[in-house]
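*Asks:* Can you read through this structure? Questions will come right after.
The values are calculated or read from the model by the stated rules, or taken from the named source; none is laboratory data. Just so it is clear, the structure is predicted and the values come from calculations on it, not from any experiment. Positions of Cβ are backbone-derived with ideal geometry, glycine not excepted, and every protein chain shown enters the neighbour counts.
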Amino acid sequence: MSIIAVLNTKRDNKSIYDNTIKIINVLGGMKKFVKENDKVLIKPNIVSPIEESVTDFNIIRAVVDEVKKCNAIPYIGENSGFEFSTEQTFKILKVNELAKKLDVKLVNFEKSNKLKKVNVPYLKYLEIPAEVLDSDVIINLPKMKMHNLTIITAAMKNMMGILKRENRRRMHMHDIDLSIVDLNRIIKPNLTIVDALSIRSKAVFGKSYDINAVIAGTNSVDIDRFCCKLMNISYNDVKYIRKASNLGSGSIKIIGDKVKPLPFSLEKPLFVRKLFGIFFWGMHCVDYAYSMFTKKSLIPFYNLYFGVRPVIVKSKFRGNEHYIKLCPVNAINPKKKNINYSKCMYVRCLKCFNNCSNGSIILKKGFKRVND
C-alpha cells in the first residue's frame with residue numbers, strides 16, 4: 001500500500017517551511033530516506049523565470065536543512081524548460097543566491113558533460129547525467145500544474161528536468177507520455193514533496209488556483225494519481241499515468257489533512273490536445289533538422305511568436321519607464337521603442353509587464369492580445 005501524506009498550510013514563508021518539515025516527519029522523518037554522507041539530489045521545478053510557475057523556495061530550504069541534519073551532502077539540480085535559458089532563469093529567480101545561502105552546490109544539467117546511455121523499452125535509450133546516477137538519494141520537488149500536451153505535470157514529468165535538451169527533443173518527437181514512463185522506470189525518487197500551494201492552469205504562463213497544501217509520498221505514480229483527483233481530472237485521461245499504473249500501482253492510503261479538490265476541471269478538450277500534440281511534434285522535428293546544421297534551436301523562436309510575449313504600445317511609451325531597468329537582459333530599447341526579442345525570447349520573465357502602470361506594455365499570444 002502506498003502512503004501519501006497531505007497537509008494544509010498557510011501561504012506565509014514560515015508556515016510553508018514548517019509544514020514541509022512536518023510532512024517529512026509524518027512519513028517517518030528524513031533519516032528514513034537519507035543516511036550519513038549520502039549524496040542527495042534535490043530536484044525542484046524551476047521551469048522558467050516566472051516565479052508562480054516554480055517550486056516554492058521555502059520547500060527547497062526546508063528539505064535542504066533536513067538533509068543536512070542527517071549529515072548528508074545535498075545539492076540542487078535542474079534544467080529549465082526547453083525554450084528558456086537555465087542560466088538566466090537561475091539568475092533572475094536568484095536560485096544561485098539561494099544555493100549560496102544554503103551552502104549547497106547548484107547544478108545546471110544542461111551543462112552536464114558526462115552522460116550515460118541507459119536502455120529503456122520505448123525510446124531504446126536515454127542519456128542520464130552522471131551526477132544523477134551517482135546520487136545516493138533523489139528528492140523530487142515538483143509543482144502541481146496543468147500542461148498543454150500531457151494534461152498535468154507533477155511528480156513523474158518533473159524528472160524531465162534532469163535531461164539535456166537533445167533527449168527531451170527525442171521525447172517530444174516520439175510519444176511524450178511513453179517517454180515519461182521510460183524515464184520513470186530508471187529514475188525513481190526516494191521521496192517526493194509536491195508544491196500544491198496552487199494549481200497552475202498552464203506550465204508557465206497561466207493562472208493560479210489556490211489549494212494551499214503540500215503533498216508527500218514515495219511512489220511517483222500514486223502521487224500523480226492523487227494530484228489528478230485534486231485537479232478534478234481522471235488519471236485515466238493522462239496517458240503516462242494510466243500506462244505507468246498498468247505496470248504496477250496498488251492501493252493508496254491518504255493520511256493527514258483533507259484538501260478540497262478544484263471545483264472545476266482545467267482539462268482542455270481532446271481535439272485541442274491533439275492539435276497541440278501535432279504542432280509540437282512537427283515543431284521538434286523541424287528543430288531537430290535545424291539543430292543538426294546550426295547546433296542551435298528554433299524552439300525559443302516558436303514559443304515567442306506563438307506564445308506569450310510582451311509588446312510595447314508606442315503611443316503610450318515615454319522612454320523613461322522604470323521597468324526598462326528591471327529587464328534582466330536589457331532587451332528594451334527606449335529610443336527605438338521596441339523590444340529586442342533575440343534577447344527576450346530566452347527569458348520572457350514579464351517583469352516589464354508586471355511592473356507597468358501606464359499601459360505601455362501589453363501581452364500578446366500569436367496575433368491576439370492576452371487579457372490582463
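*Asks:* For the range 127-169, give me each residue that is acidic (Asp, Glu) and closer than 25 Å to residue 62 by Cα.
*Replies:* Listed by number, the residues that qualify are 131, 134, 136.
*Asks:* Let me ask something additional. Just to be sure before I move on: is residue 34 surrounded by 19 or more Cβ atoms within 10 Å (Cβ to Cβ) and among the β-branched types (Val, Ile, Thr) in the structure I sent?
*Replies:* So residue 34 fits the description; yes.
*Asks:* Taking only the range 147-160 into account, find how many residues are in a helix (DSSP H, G or I) and within 22 Å of residue 261 (Cβ to Cβ).
*Replies:* Within the range 147-160, residues that are in a helix (DSSP H, G or I) and within 22 Å of residue 261 (Cβ to Cβ) number 4.
*Asks:* Ok, one more. Within the range 360-372, can you find the residues that are at pLDDT 95 or above and in a loop (DSSP other than H, G, I, E, B)?
*Replies:* 360
Conditions tested, residue by residue: (1) surrounded by fewer than 16 Cβ atoms within 10 Å (Cβ to Cβ); (2) more than 29 Å from residue 302 (Cα to Cα); (3) polar (S, T, N, Q).
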{"position": "78", "(1), (2), (3)": "no, no, no"}
{"position": "84", "(1), (2), (3)": "no, no, no"}
{"position": "94", "(1), (2), (3)": "yes, no, no"}
{"position": "97", "(1), (2), (3)": "yes, yes, no"}
{"position": "130", "(1), (2), (3)": "yes, yes, no"}
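*Asks:* Now for a separate question. Name the pairs: first residue in the range 311-338 and outside the structural domain of residue 350 (by TED's automatic domain parsing), second residue of a type in the set (A, V, I, L, M) and part of a helix (DSSP H, G or I), Cβ to Cβ under 9 Å, at least 6 apart or on different chains?
*Replies:* Short answer, once both residue conditions are applied: none.
*Asks:* When residues of the range 348-365 are filtered for being farther than 19 Å from residue 317 by Cα and surrounded by fewer than 11 Cβ atoms within 10 Å (Cβ to Cβ), how many remain?
*Replies:* Of the residues in that region, 0 qualify.
*Asks:* Could you give every pair whose Cβ atoms fall below 9 Å, whose first residue belongs to the range 108-126 and is free of Cβ contacts under 8 Å to residues at least 24 places away in the same chain, and whose second residue is outside any loop (DSSP other than H, G, I, E, B) and among the aromatic types (Phe, Trp, Tyr), counting only separations of at least 6 or pairs across chains?
*Replies:* 117/125; 119/125
*Asks:* Still on this model: Suppose the filter is part of a helix (DSSP H, G or I) and touching a helix residue (DSSP H, G or I) at 6+ places or on another chain (Cβ under 6 Å); does residue 144 pass it?
*Replies:* Answer is no for this residue.
*Asks:* Let me ask something additional. Looking at residue 120 and the list (1) under 30 Å from residue 350 (Cβ atoms); (2) in contact with a Lys or Arg (Cβ under 7 Å, 6 or more places away or on another chain), which single condition is not satisfied?
*Replies:* Every listed condition holds for residue 120 apart from (1).
*Asks:* Let me ask you something else. Of the conditions (1) touching an Asp or Glu at 6+ places or on another chain (Cβ under 8 Å); (2) buried (at least 17 other Cβ atoms within 10 Å of the Cβ), residue 39 clears all except one; give me its number.
*Replies:* Among (1) touching an Asp or Glu at 6+ places or on another chain (Cβ under 8 Å); (2) buried (at least 17 other Cβ atoms within 10 Å of the Cβ), residue 39 violates only (2).
*Asks:* If you don't mind, another one. Select from the range 309-330 the residues that are within 13 Å of residue 361 (Cα to Cα) and under 26 Å from the mean Cα position of the chain (by Cα) and list them in ascending order.
*Replies:* Matches in the range 309-330: 309, 310, 311, 327.
*Asks:* Restricted to the range 130-141, and to residues that are assigned to a strand (DSSP E or B) and among the β-branched types (Val, Ile, Thr), which residue is nearest to residue 197 (Cα to Cα)?
*Replies:* Applying the filter and picking the extreme gives 139.
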